[in-house]
Structure formats: C-alpha cells, structure tokens
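The values are calculated or read from the model by the stated rules, or taken from the named source; none is laboratory data. Values in this document were obtained by computation on a predicted structure and should not be read as measured data. Every residue, glycine among them, receives a Cβ derived from its backbone with ideal geometry; neighbour counts consider all protein chains shown. Accessible surface areas use protein heavy atoms only, side chains included; no ligands, DNA or RNA. Shrake-Rupley method; radii C 1.70, N 1.55, O 1.52, S 1.80 Å.
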Amino acid sequence: MREQERGGGSRGGREGRQELPPQSPEEQARAICLRLLTGSPRTRRQLADALHKRGIPEEVSQQVLSRYEEVGLIDDAAFAGAWVESRHRGRGLARRALAQELRTKGVHATLVEEALELLDSEQEEETARELVERKLRATRGLERDKRIRRLAGMLARKGYPEGMALRVVRRALEAEGQDADDADEPGYPGE
C-alpha cells in the first residue's frame, strides 16, 4: 500500500490529478464556460455572472466570452428564440412573461423583441384557449364569476393581457353552454 501511495504501481490514481499545474485564469474561465454550456445553453450574461462569482478577472472573462461568441458557443439570439419556443409551447407562457424571463437572463432588448416576433398574437390566443380548456373541467360547479376569476388569473400569471384573458375565458364558458343564469341552477351539466 505504501508503494502505491508513493507512485509505484498506481495507474491514473490521485497522483495524476495532483500533478497538474495550476490553471491560468483563461483556462479556468474556458473550463467553467464549457461545463455550464454542456448542461444547457446559456446567455453571455449568465456566463459572465458565473465567471465573476468564481473570481475570474473581468478582462479575462470578456476575452473568453467574446471568443466563444465568435465560434458560436454563445448565441443570445438563438438562445432567445429557442427559449420563446420552448416556454410558450411547454408552459404556455405569453409574450409578456417570456420577455421578462429573457431580460432576467440578460438577453438584450432588441434580441428579446426579435425572439418574440416568432410568436404571433393568433398563436398566443390559441395557446390561451388551450390552457383554459385544460383547466375548465376543474372549475365546474363553481359560480360563473369565480370560474372567470380563476381562469383569467391563471392566464394572467402566465403573462396574458387582461383583455385577451377575459375574452378567451368568456368564450370558453359560452361554448360550454354556461351563461349567467346557468351557474345558479341546480343540476348544472357536468356536475
């Protein structure tokens, strides 16, 4: 055992890792960025923040991040487009909520606007209708006003404008056959 600890007979053990020279700040920055980008795409600001937290000098960070942008490893425009597509389709988020998320991640305002152009108002309203349809059954048996508040509130939390949310909810309730008088009658269909 003593011989292995001194290096005799050990292959690829701890000794190999201990013998590596200390990394330069550039090497550390590259390693941090590559590790973070391996997990999922990141914005330039997210990576800059991570490098700052790990004590990488600002000039080194900017140099490494600029190089990664040049070679396409960092692309905030592509990130924003993919984010809008994914979060709208997967979570049903509206333009306002998506814009807020992208700003939080450090995406420049012009890139946010370009990404949101991929989502037109018809598509946004269609998604709102789908969200309401999924939630509609769970609100059956409640008063009409309470149903409207719950469904419109759900859409508002996802970033839909109030006017659109109320219009979509009212249309869904009308399509279901509920009007103001139906909500108070016993034996309402679907109970």
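Summary of computed values
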item: Other-chain or far-sequence residues with amide H under 5 Å of residue 42's (modelled H); result: none
item: Sites residue 52 and residue 89 - FRET efficiency at Förster radius 45 Å, r taken between beta-carbons, to 0.05; result: 0.85
item: Per-residue SASA entry for residue 145, accessible area with 1.4 Å probe, Å² rounded to 10; result: 90 Å²
item: Residue 135 paired with residue 70, simple spin-label distance in nm, labels 7 Å along Cα-to-beta-carbon; result: 4.9 nm
item: Förster radius 41 Å - calculated FRET efficiency between residue 120 and residue 23 (Cβ-Cβ, nearest 0.05); result: 0.30
item: Modelled FRET efficiency - R0 41 Å, residue 157 with residue 34, Cβ distances, 0.05 increments; result: 0.70
item: The stretch 79-145: relative contact order as a whole-number percent, Cα under 8 Å and 6+ apart; result: 36 percent
